[in-house]
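Enquirer: I have a structure I would like to understand better, so I am pasting it below and will then ask my questions one at a time.
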Amino acid sequence: MITSCDEAVARLRAVPGLSCCARPLFVLPLLRTGCLSAVLSVEGADAGWEGEFGALFHALEPASGVRDHTSLGAGVHEVLRRIARTGASAGAWRGRELALLPYTAMKPEWRSALDVLGARLAEPPRLALPVLGDKRAQRAWLRSVGAVTPSDAVAPALDHRELRRRFGDRYVVQTPTGSSGKGTHLVTDEAQLQPIRRAGGGPWLVSGYVEGVAVNLHVLVSADSTVRVLRPSVQLTRVEGIGAPFGAYSGCDFAAPALLSPLALARAGTAARRVGEALAALGYRGLFGADFVLDDERPLLLELNCRMQGSTWLLGELELAEHALPSALRHVLELYGHATGGEPRTDAAGAVQLVVRHTGAPVRVAAAPGGGLHRLKDGRLRYCGAGFGLLECGPDDCVLLQLPSPGTVLLPGVPLARVVARHPLTTPDGTALTAPGRRLVDALRAGFVLEPLDEPAGTAVPCASR
């Protein structure tokens with residue numbers, strides 16, 4: 001049984017690791033421990049990452065010059081096609097044996113593209129279960145194992161009058177697949193259904209809207225079927241001033257649960273453990289996330305994310321600071337059948353990430369803040385040195401990540417930056433910026449100069465004015 005980082009790294013370094021992810025930040029714990037030799041992603045790594053972590057980063061955004069809404073699947077496939085078209089770079093892959101250290105499941109087209117490059121891939125086994133990926137099947141399965149969920153229905157057609165009669169003036173429509181809020185819509189009138197119908201993707205899962213704090217729990221299912229519930233975090237949702245539409249992932253706060261009802265959190269933990277035991281019986285191994293909304297002291301289970309999540313890397317930063325085996329490493333090891341030991345901490349801890357998005361028309365970045373460690377002084381962000389995540393962040397600092405390079409085109413709604421801090425940036429319910437959070441976001445936006453694409457060059461406008 002593996003219980004330390006040294007044991008984990010020794011096991012994982014036996015074969016060079018390859019990860020496919022939306023952005024390299026998501027696999028930061030694997031990079032920090034030297035378990036990755038290559039990362040394929042949609043967005044590129046921040047400046048300094050390649051030298052700091054000794055891995056090769058291949059990303060779509062630096063090559064295309066555009067930050068858009070390209071999916072992980074399509075983005076990584078395009079990266080592989082670009083590698084294949086470059087002779088010297090493609091040759092570096094031929095004959096290499098790589099262990100997939102996954103953020104999410106391997107797509108068949110990625111495997112085919114790697115075969116063309118001549119790389120041999122060692123993959124962990126994967127389960128093909130509808131409860132892992134189809135929200136409609138998953139919701140019914142959750143109830144079958146005793147979880148309490150919001151009221152819902154599978155709707156082959158979207159009839160606003162009928163849905164309002166059944167669920168009230170506000171209800172949520174979801175496509176069967178999707179993550180980070182994609183395909184999730186809050187509906188209050190007939191007009192909002194039109195674009196959902198045009199986009200297709202039905203039959204849809206329709207649920208009653210529940211006003212409450214959104215809480216996420218990581219759960220680890222070990223190779224020996226042991227189920228461990230990890231630290232909870234408050235999901236940041238409906239935060240005004242950061243450009244996020246309804247349902248879009250806007251970050252998390254691992255300290256805020258300390259201010260919530262202990263009874264509600266305990267009930268959520270019990271429900272998550274019960275679901276983990278049911279998944280273990282089906283053969284599932286590794287991490288999964290359980291998303292709850294707290295209806296007073298009653299936690300309602302919305303859905304599962306059967307993979308590493310957008311908050312897993314930040315949880316790993318906390319675990320590394322505590323000299324514990326990061327959950328991301330445990331996830332990878334468990335997928336390959338190596339049981340890991342050690343009971344996780346479940347207490348609240350100061351770790352926050354906030355995603356700030358671009359709003360308005362498409363623009364080109366004329367100037368942007370540098371990534372790394374910053375401190376807010378006199379209303380401006382002052383650069384304090386290199387910083388890659390929470391480990392470099394002091395109590396009064398913040399780390400800026402996921403910054404677009406000058407010259408990059410931004411489409412509406414894409415992430416502009418990710419702010420990492422040890423102090424709260426939002427209210428405890430995760431729905432509004434605090435005064436310090438507002439000052440930080442304003443200073444961040446003021447550091448950008450964005451050039452409208454439909455106006456002559458040289459008419460740049462500060463981000464804060466848009």
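Enquirer: Can you tell me which residues in the range 1-33 are over 19 Å from GLU322 (Cβ atoms) and within 21 Å of the chain's Cα centre (by Cα)?
Expert: GLY17, LEU18, SER19, CYS20, CYS21, ALA22, ARG23, PRO24, LEU25, PHE26, VAL27 - these are the residues of the range 1-33 that are over 19 Å from GLU322 (Cβ atoms) and within 21 Å of the chain's Cα centre (by Cα).
Enquirer: Does ARG267 satisfy the condition of being surrounded by fewer than 20 Cβ atoms within 10 Å (Cβ to Cβ), farther than 30 Å from ASP397 by Cα, of a type in the set (Lys, Arg) and without any contact (Cβ under 8 Å) to a residue 40 or more places away in the chain?
Expert: yes
Enquirer: Output the qualifying pairs, or none if there are none: Cβ atoms under 7 angstrom, residues six or more apart or on different chains, first residue in the range 1-21 and of a type in the set (A, V, I, L, M), second residue part of a helix (DSSP H, G or I).
Expert: Sorted first by the residue in the range 1-21, then by its partner, the pairs are ILE2/ALA8; ILE2/ARG11; ILE2/LEU333; ALA8/LEU329; ALA8/LEU333; LEU12/VAL332.
Enquirer: For the range 188-199, does any single residue satisfy the condition of being β-branched (Val, Ile, Thr), within 23 Å of ASP429 (Cβ to Cβ) and open to solvent by 20 Å² or more (accessible area, probe 1.4 Å)?
Expert: Yes, the range 188-199 contains a residue that is β-branched (Val, Ile, Thr), within 23 Å of ASP429 (Cβ to Cβ) and open to solvent by 20 Å² or more (accessible area, probe 1.4 Å).
Enquirer: Additional query: Could you check the range 328-346 and list, in sequence order, the residues that are farther than 11 Å from ALA223 by Cα and open to solvent by 10 Å² or more (accessible area, probe 1.4 Å)?
Expert: Result: GLY342, GLU343, PRO344, ARG345, THR346.
Enquirer: Sort through ARG345, ARG298, ARG307 and tell me the only one that's farther than 25 Å from GLU7 by Cα and among the basic types (Lys, Arg).
Expert: Checking each option against the conditions leaves just ARG298.
Enquirer: Among VAL234, VAL275, VAL210, which is more than 22 Å from LEU101 (Cβ to Cβ), open to solvent by 30 Å² or more (accessible area, probe 1.4 Å) and of a type in the set (A, V, I, L, M)?
Expert: Of the residues listed, the single one that is more than 22 Å from LEU101 (Cβ to Cβ), open to solvent by 30 Å² or more (accessible area, probe 1.4 Å) and of a type in the set (A, V, I, L, M) is VAL210.
Enquirer: OK, next. Could we say that LEU36 is assigned to a helix (DSSP H, G or I), closer than 21 Å to PHE388 by Cα, under 20 Å from the mean Cα position of the chain (by Cα) and among the aliphatic types (A, V, I, L, M) here?
Expert: no
Enquirer: Is there a residue in the range 158-179 that is under 27 Å from LEU72 (Cβ atoms) and charged (D, E, K, R)?
Expert: no
Enquirer: What's the number of the condition LEU260 fails, among (1) within 20 Å of THR431 (Cα to Cα); (2) open to solvent by less than 10 Å² (accessible area, probe 1.4 Å); (3) of a type in the set (A, V, I, L, M, F, W, C)?
Expert: So the condition that LEU260 fails would be (2).
Enquirer: Still on this structure, please answer the following. Which numbered condition in (1) part of a helix (DSSP H, G or I); (2) farther than 24 Å from ARG439 by Cβ; (3) not charged (D, E, K, R) is the only one that LEU314 fails?
Expert: Result: LEU314 passes all but (2).
Enquirer: Would you please list the contacts, defined by Cβ atoms under 8 Å and residues six or more apart or on different chains, that run from a residue in the range 388-417 that is closer than 30 Å to HIS323 by Cβ to a residue that is assigned to a strand (DSSP E or B) and among the basic types (Lys, Arg)?
Expert: Pairs found: ASP396/ARG375; ASP397/ARG375; CYS398/ARG375; LEU400/ARG418; LEU401/ARG418; GLN402/ARG418.
Enquirer: Let me ask something else. Check the range 51-58 and report whether any residue there is surrounded by 15 or more Cβ atoms within 10 Å (Cβ to Cβ) and farther than 24 Å from SER112 by Cβ.
Expert: Taking every residue of the range 51-58 in turn, at least one turns out to be surrounded by 15 or more Cβ atoms within 10 Å (Cβ to Cβ) and farther than 24 Å from SER112 by Cβ.
Enquirer: Within the range 417-456, how many residues turn out to be closer than 17 Å to LYS377 by Cα, surrounded by fewer than 16 Cβ atoms within 10 Å (Cβ to Cβ) and hydrophobic (A, V, I, L, M, F, W, C)?
Expert: So the answer is 1.
Enquirer: List the pairs whose first member sits in the range 71-86 and is closer than 18 Å to LEU411 by Cβ, whose second member is among the β-branched types (Val, Ile, Thr), and whose Cβ atoms are under 6 Å apart, counting only residues at least 6 apart or on separate chains?
Expert: That search, which allows pairs on different chains as well, returns GLY75/VAL42.
Enquirer: Would you tally the residues in the range 218-231 being in contact with an Asp or Glu (Cβ under 6 Å, 6 or more places away or on another chain) and either open to solvent by 10 Å² or more (accessible area, probe 1.4 Å) or over 19 Å from LEU132 (Cα atoms) (or both)?
Expert: 2
Enquirer: If I ask for residues that are of a type in the set (D, E, K, R), surrounded by fewer than 15 Cβ atoms within 10 Å (Cβ to Cβ) and assigned to a helix (DSSP H, G or I), which ones from the range 128-165 would you list?
Expert: Once the filter is applied, which keeps residues that are of a type in the set (D, E, K, R), surrounded by fewer than 15 Cβ atoms within 10 Å (Cβ to Cβ) and assigned to a helix (DSSP H, G or I), the range 128-165 yields ARG143, ARG161, GLU162, ARG165.
Enquirer: Here is a check on your reading of the model: is GLY371 closer than 21 Å to VAL414 by Cβ and among the small types (Gly, Ala, Ser)?
Expert: Yes; evaluated as a whole, the condition is true for this residue.
Enquirer: Can you tell me which residues in the range 389-443 are of a type in the set (Val, Ile, Thr) and either in contact with a Pro (Cβ under 8 Å, 6 or more places away or on another chain) or under 25 Å from GLU43 (Cα atoms) (or both)?
Expert: Once the filter is applied, which keeps residues that are of a type in the set (Val, Ile, Thr) and either in contact with a Pro (Cβ under 8 Å, 6 or more places away or on another chain) or under 25 Å from GLU43 (Cα atoms) (or both), the range 389-443 yields VAL399, THR408, VAL409, VAL414, VAL419, VAL420, THR434, VAL441.
Enquirer: Inspect the range 90-100 for any residue being open to solvent by less than 20 Å² (accessible area, probe 1.4 Å) and either without any contact (Cβ under 8 Å) to a residue 24 or more places away in the chain or of a type in the set (Phe, Trp, Tyr) (or both) and give the result as yes or no.
Expert: Scanning the range 90-100, I find at least one residue that is open to solvent by less than 20 Å² (accessible area, probe 1.4 Å) and either without any contact (Cβ under 8 Å) to a residue 24 or more places away in the chain or of a type in the set (Phe, Trp, Tyr) (or both), so the answer is yes.
Enquirer: Could you list, in sequence order, all residues of the range 221-242 that are charged (D, E, K, R) and closer than 30 Å to VAL414 by Cβ?
Expert: Hits for the range 221-242 are ARG231, ARG238, GLU240.
The values are calculated or read from the model by the stated rules, or taken from the named source; none is laboratory data. Keep in mind it's a predicted model, so treat the numbers as computed, not measured. Cβ: placed from backbone, ideal geometry, glycine included. Neighbour counts: every protein chain shown. The accessibility values were calculated without ligands, DNA or RNA, using every heavy atom of the protein model including side chains. Shrake-Rupley method; radii C 1.70, N 1.55, O 1.52, S 1.80 Å.
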